[in-house]
Each structure stands twice: as C-alpha cells, then as structure tokens.
Amino acid sequence: MMINGVPVSLPNDPRVSLLDLLREHVGLPGTKKGCNQGACGACTVLVDGERILSCLALAVQYEGRAITTIEGLGRPGALHPLQQAFVEHDGFQCGYCTPGQICSAVGMADEIRRGVPSHVTRDLAAETIALSPDELRERMSGNLCRCGAHNGIVAAIAETLAEAAK
Ligand code: FES
Ligand code: FES
C-alpha cells in the first residue's frame, strides 16, 4: 500500500489493524488510538480519499490502496487550511481528537462535493447540498472531542469549507 505517498509493505500478521500498522510499524503516531472499537473517531484516516476508522480495519485489506494520515495532509510551515483554521478558531485543547477531526472533515468535504446525503439532508434529490450547521454537526458526529472544543471545531471546518467553495 501507499501511505502518504510512500510504499509500505503489508504486515506478516493478518490480525494487525491499520491503526496499529500506522502507529507501531510505520512510525506515524499522528493517528490516535482512543476507544479502539469504532466509537470515537480519533483513528480516522483517508483511504483513496474516503474517511474510515483505522481501528476497525485490518491492514491487509488495503493492499494497493492509498492511505493518507494527518502527517500527509500538512506539516509545520505548510499546514493544511483546516489545520490552520483549527489553530485560529481554538479548535482543540489536548489535541488528541484533532488528527481524526481534520481527516474526517477532509473526507466529509468530498462527500458533500459528491452529493452524498446525510441523516439530516432534507432534499435527497438536490444536486448540491448546503453545509448547514446541522449538516456539519451530523456529518462530524462520529468524531468526539472529550475536551468540549466542538464549537471551535465546527467554526474551523465551516470557515475552511466556505472558503474552498468560493
Ligand atoms: S480509536 Fe477508532 S473509533 Fe476510537
Ligand atoms: S481537543 Fe482534547 S479530545 Fe478534542
């Protein structure tokens, strides 16, 4: 598989999760292990642009796929626009949920672009989906923040996506 543009061999042990491959085998600790059972979103990464929970994924399932982690989105001195917005809007305190929030928001933006409806989308036939506060909160509801920084997180994502849509 490719991880952030670098080829990586699959693990010999088929039981290794994608999350553990990233953190323990490849040395990319940006992706966080929270619940390790699909409930918190801290482990969210992008696979061919789609957001997934890496704690629920076996690494061997992703042969030939392109994985993007927070390390692949931006770096010090060249932050991704969402990373910059999280700083400006106080979108984190401890920062543990932040990589997952940002990867999830990148995946969500693509879902909006493709017209994928959510549980709160009123018009399922609409060609474009407006990113209302309800849409944003519903679509990010799989990413929990125990510090309670949700208001800053929502503001950062809303501003970044609005800028990108101009
Ligand atoms: S660590 Fe994967 S959802 Fe919580
Ligand atoms: S910033 Fe601490 S859990 Fe979200």
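Results, tabulated for the structure shown:
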| quantity | calculated |
| --- | --- |
| Residue in region 102-114 that is part of a loop (DSSP other than H, G, I, E, B), hydrophobic (A, V, I, L, M, F, W, C) and away from ligand 1 (no atom under 16 Å from the Cβ) present | no |
| Odd one out for ASN143, checked against (1) touching a residue at least 60 places away in the same chain (Cβ under 8 Å); (2) within 16 Å of ligand 2 (Cβ to nearest atom); (3) surrounded by 20 or more Cβ atoms within 10 Å (Cβ to Cβ); (4) not in a loop (DSSP other than H, G, I, E, B) | (4) |
| Count of residues meeting criterion [farther than 21 Å from CYS94 by Cβ, in a strand (DSSP E or B) and not hydroxyl-bearing (Ser, Thr, Tyr)] in region 16-58 | 6 |
| Leading residue by the ranking (surrounded by the fewest Cβ atoms within 10 Å (Cβ to Cβ)) among those in region 104-123 that are touching a residue at least 60 places away in the same chain (Cβ under 8 Å) and farther than 15 Å from GLU138 by Cβ | ASP110 |
| Every residue from region 27-57 that is farther than 24 Å from ILE112 by Cβ, touching a Lys or Arg at 6+ places or on another chain (Cβ under 7 Å) and in contact (Cβ under 8 Å) with a residue 12 or more places away in the chain | LYS33, CYS55 |
| Residues located in region 59-101, provided they are within 16 Å of ligand 1 (Cβ to nearest atom) and of a type in the set (A, V, I, L, M, F, W, C) | ALA59, ILE67, ILE70, CYS94, CYS97 |
| Region 30-52, residues that are within 15 Å of the chain's Cα centre (by Cα), over 12 Å from THR68 (Cα atoms) and away from ligand 2 (no atom under 16 Å from the Cβ) | GLY38 |
| Lone qualifier among GLU159, GLU127 - being modelled with pLDDT of 95 or more, over 24 Å from ASN36 (Cα atoms) and away from ligand 2 (no atom under 16 Å from the Cβ) | GLU159 |
| Options GLY95, GLY64, GLY148, GLY91; residue that is under 25 Å from LEU19 (Cα atoms), in contact with a helix residue (DSSP H, G or I) (Cβ under 7 Å, 6 or more places away or on another chain), part of a loop (DSSP other than H, G, I, E, B) and not β-branched (Val, Ile, Thr) | GLY91 |
| Qualifying positions in region 1-24 - acidic (Asp, Glu) and either buried (at least 19 other Cβ atoms within 10 Å of the Cβ) or at positive phi (or both) | ASP20 |
| Odd one out for ARG75 among (1) under 25 Å from ALA158 (Cβ atoms); (2) at pLDDT 95 or above; (3) more than 16 Å from ligand 2 (Cβ to nearest atom); (4) surrounded by fewer than 18 Cβ atoms within 10 Å (Cβ to Cβ) | (2) |
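Here is a yes/no grid of residues against (1) polar (S, T, N, Q); (2) touching a strand residue (DSSP E or B) at 6+ places or on another chain (Cβ under 9 Å):
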site	(1), (2)
ASN12	yes, no
VAL16	no, yes
GLY41	no, yes
THR44	yes, yes
VAL60	no, no
ASP90	no, no
CYS97	no, no
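The values are calculated or read from the model by the stated rules, or taken from the named source; none is laboratory data. These numbers were taken from a predicted model, which means no experiment stands behind them. Because the Cβ atoms are built from the backbone with ideal geometry, glycine has one as well, and the counts that use them run over all protein chains shown.
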